[in-house]
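For reference, the structure is listed below as structure tokens.
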Amino acid sequence: MKTAGLTLKLALLAAVCYLAYHWLGPEDQQVIEVTRARIDAVVSRQESLLGRPLRDAERAAAERAYVDEEILVREALRRGVDRADSQVRRLVVAHAWRELLRMSGYEPPVPTRAELRAYYDAHARTYVVPERLDLRHVGYAVGNAPADPDAVVTALENGADFQNLGDAGAEMIEVTRSRIALSLGLELANEVFSLPRGTWHGPLISSEGTHFFRVERRRPARQASFSDVERDVERDFLEDAETAAVDGALRGIRRRYVVDIAHD
Amino acid sequence: MSATWRRRSAIWRRAPFAAFVVLGGIVFCALGSFVPWGRETIRVEARTVAALVERRANALGRDLTDDERVAVVEDFVREEILVREAYRRRWHQKSPGVRRRLLLAMAPASSGERPPAAQAQLSAYFRAHAERYRVPESLTFSHVFFEHASALLPEDASEFLETLEANADFRGLGDEFWLAPEAVRQTRQQLRGALGASFADAVFALEPGSWAGPFTSTRGTHFVRVDERHPSELPALEGVRRFVEVDWESERRAALRDETLSRLRGRYSVIER
């Protein structure tokens, strides 16, 4: 009993000391390790730029600059600057991708023409040149929609200069469905591509505003020949090979994660 | 309480730390049955799936097939695992691109967010660094150029110089060259960079008014007449105002950076190996 009481007291004392140190003690210091190899690399890069060896003072300045840079990088990480920056995320993903390929000893394959042909056949849909339209467009920004859209259509049909109407009027050549979808949404893009040729139509509403379109020319979709897209096929083939290699490298790593995908 | 229990519990009472470790171990293992050890959860919200699918559909210009919907989510999960692994292994600290981006984020806010230098500040800065803005000595000279081993190179240099002194239209003589026959306000540094140090030094040593040569440069042979020597001069502030403003702003940013670093250095200790 006495021993249990002593243990409890010791544990409480330890907890108090820990909390006191945590709240009142000095802020944790991080250590920046400056290796000779790292400084030599920094110096070598500067000497290449200058075309001559660095003097002692310049060498010392390069070392200071490296430490200062490291401090700023760590401070940025401490403040979570990286987490809020989508560009940093893309860079991190790209770096991790390269590291995993390097660690897995990945060597890019050299596909034969037959292999590329087989890849093309298996992914033929990817190599369809999409339907394209030549369009005339008049747009009104959100909050500036025309009070009488029918009057706008009538004016356009009667020859009003579409490039001087609304907030934006333009001729658009060889526009794909995806190009419209990326700025105005797939629903509106589908509407535009279903319009008959030769007359003005509107209003079509998007998150960007109110739109009027006239289809001038329709170019149907067509299957690109293998020879036309051979370079794209090779690029995609190699990308798939890289992805497979990264997925292979991630196989063991994935066991560390539980993926919970919410469904509607 | 039975004697057996009293005997057994006495062991734990005499070694409470051991009891604590055993009890903690039991709790630890029990928890492990419900929460997988060291496994992180990647939760993909429904709105995230919807956004990913929409983005891909827009890029393709059509609705996705079921397989494509699965692939889009799989791509996202793969990317998330890559990010988490990169942070776990501290790869993000080693990526040069990430470092550059973070340094940019830590740079003092752009000058557009701070008031520009007042006239007095600019004048004081200019006076303190006037030599930086000194216009160096330069020459305006005429020259006739011949490429190395040019067929047009005169065999008798003295005779050629006499021809030039006799006011021959030198502009049509020699080989074509990127530097005009009448070169205006060329500094020593410019000539050194373009035609070599020895040529620059030779031309700058000439007195104005007479043809001289031949002088060899890195590009060929020249006969030169210095027409005017422009001495080094210190311009007025208004003449170099834009450069002074840029330098002043650059120093202000450097001072802000140093100030930030002074505050931050206390958090770090540097070990050299």
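The values are calculated or read from the model by the stated rules, or taken from the named source; none is laboratory data. Predicted model only: the values in this text are computed from it and were never measured. Don't worry about glycine lacking a Cβ; one is built from the backbone with ideal geometry, like all the others, and counts go over all protein chains shown. Only protein heavy atoms, including side chains, enter the accessible area calculation; ligands, DNA and RNA are left aside. Shrake-Rupley method; radii C 1.70, N 1.55, O 1.52, S 1.80 Å.
Sort A:M172, A:M103 by accessible area with a 1.4 Å probe, largest first.
Values: A:M172 40, A:M103 100 Å².
These residues rank, largest area first, as A:M103, A:M172.
Using the Kirkwood formula over every pair of different C-alpha atoms, what hydrodynamic radius in Å results for chain B?
Working: mean 1/r = 0.0347 Å⁻¹.
Evaluated on chain B, it is 28.8 Å.
Between B:V184, B:V135, B:Q119, whose Cα lies farthest towards the positive end of the dipole of the stretch B:103-194 when Lys and Arg beta carbons carry +1 and Asp and Glu beta carbons carry -1, centred on the Cα centre?
B:Q119
In whole Å, what are the extents of the stretch A:97-246 along the principal axes defined by its C-alpha atoms, from largest to smallest?
65, 33, 21
Please calculate the 1.4 Å probe accessible area of A:T126, with all protein chains present, and give it to the nearest 10 Å².
Number for this one is 90 Å².
Only loop residues by DSSP count here, and only those with at most 16 other Cβ atoms within 10 Å; note down the GluC sites (Glu not before Pro) in the stretch A:206-251 that meet that.
Working: sites: A:E208, A:E216, A:E230, A:E234, A:E239, A:E242; in loops: A:E208.
Loop-located and lightly packed - A:E208.
If you take the charge dipole of the stretch A:146-259 about its Cα centre, with +1 on Lys and Arg Cβ and -1 on Asp and Glu Cβ, which of A:F213, A:V233, A:L188 is farthest toward its positive end?
A:V233
Tell me the Kirkwood radius of chain A: reciprocal of the mean inverse pair distance over distinct alpha-carbon atoms, in Å. List each step's numbers first, then the result.
Numbers: mean 1/r = 0.0376 Å⁻¹.
The Cα-based Kirkwood calculation yields 26.6 Å.
What share of Cα pairs, in percent, lie more than 14 angstrom apart in the stretch B:128-167?
Details: 525 of 780 pairs.
Tail of P(r) above 14 Å: 67 percent of Cα pairs.
Give me log10 I(q)/I(0) at q = 0.06, 0.08, 0.11 Å⁻¹ for the protein assembly as shown, Debye formula, one equal scatterer per alpha-carbon, no solvent.
Summing over Cα pairs of the protein assembly as shown leads to -0.69, -1.05, -1.20.
Which net charge results for the neighbourhood of B:F126, defined as the other residues with beta-carbon distances under 14 angstrom from its beta-carbon, given Lys and Arg at +1 and Asp and Glu at -1?
Result for the neighbourhood of B:F126: -1.
Across 10 Å bins from the origin, how do the percents of Cα pairs in the stretch A:23-108 run, short distances first?
14, 26, 34, 22, 4, 0
Place a +1 charge on the Cβ of each Lys and Arg in the stretch A:115-247 and a -1 charge on the Cβ of each Asp and Glu, then give the dipole magnitude about the Cα centre in debye, rounded to the nearest 20. Let's see the in-between values first.
Details: 14 positive and 24 negative charges, 106 e Å.
Using Cβ point charges on Lys, Arg, Asp and Glu, the stretch A:115-247 gives about 500 debye.
What number does the stretch A:1-145 give for Rg over Rh if you use C-alpha atoms and the Kirkwood radius?
On the way: Rg = 30.0 Å, Rh = 24.1 Å.
Rounded to two decimals, Rg over Rh is 1.24.
In the stretch B:164-269, how does Rg compare with the Kirkwood Rh, expressed as the Rg/Rh ratio over alpha carbon atoms?
On the way: Rg = 22.9 Å, Rh = 18.0 Å.
Computed over Cα atoms, the ratio is 1.27.
Go ahead and estimate [θ] at 222 nm for chain B from helices alone: -39,500 (n - 2.57) per DSSP H run with n ≥ 4, summed, over the residue count, rounded to 500.
That comes out to -16500 deg cm²/dmol.
May I ask which residue of A:L156, A:A61, B:P208 lies farthest towards the positive end of the charge dipole of the protein assembly as shown, with charges of +1 (Lys, Arg) and -1 (Asp, Glu) on Cβ and the Cα centre as origin?
A:A61
Run a plain Debye calculation on the stretch B:177-227 (Cα atoms as equal point scatterers, no solvent) and give log10 I(q)/I(0) at q = 0.15 Å⁻¹, rounded to two decimals, same order as the q list.
Each listed q corresponds, in turn, to -0.34.
How large is ³J(HN,Hα) for each residue in the stretch A:112-127, as worked out from phi by the Karplus curve 6.51 cos²θ - 1.76 cosθ + 1.60 (θ = phi - 60°), to whole Hz, x for Gly and Pro?
Karplus values, whole Hz, x for Gly and Pro: 7, 4, 5, 5, 5, 4, 5, 5, 4, 5, 6, 10, 4, 4, 5, 10.
Using unit Cβ charges (K, R positive; D, E negative) and no other charged atoms, how large, in debye to the nearest 20, is the dipole of the stretch B:71-166 about its Cα centre? Don't skip to the answer; put the middle values down first.
Values: 13 positive and 14 negative charges, 345 e Å.
Dipole of the stretch B:71-166, to the nearest 20 debye: 1660 debye.
Over the stretch B:56-166, what per residue volume does the convex hull of the Cα atoms give, in whole Å³?
461
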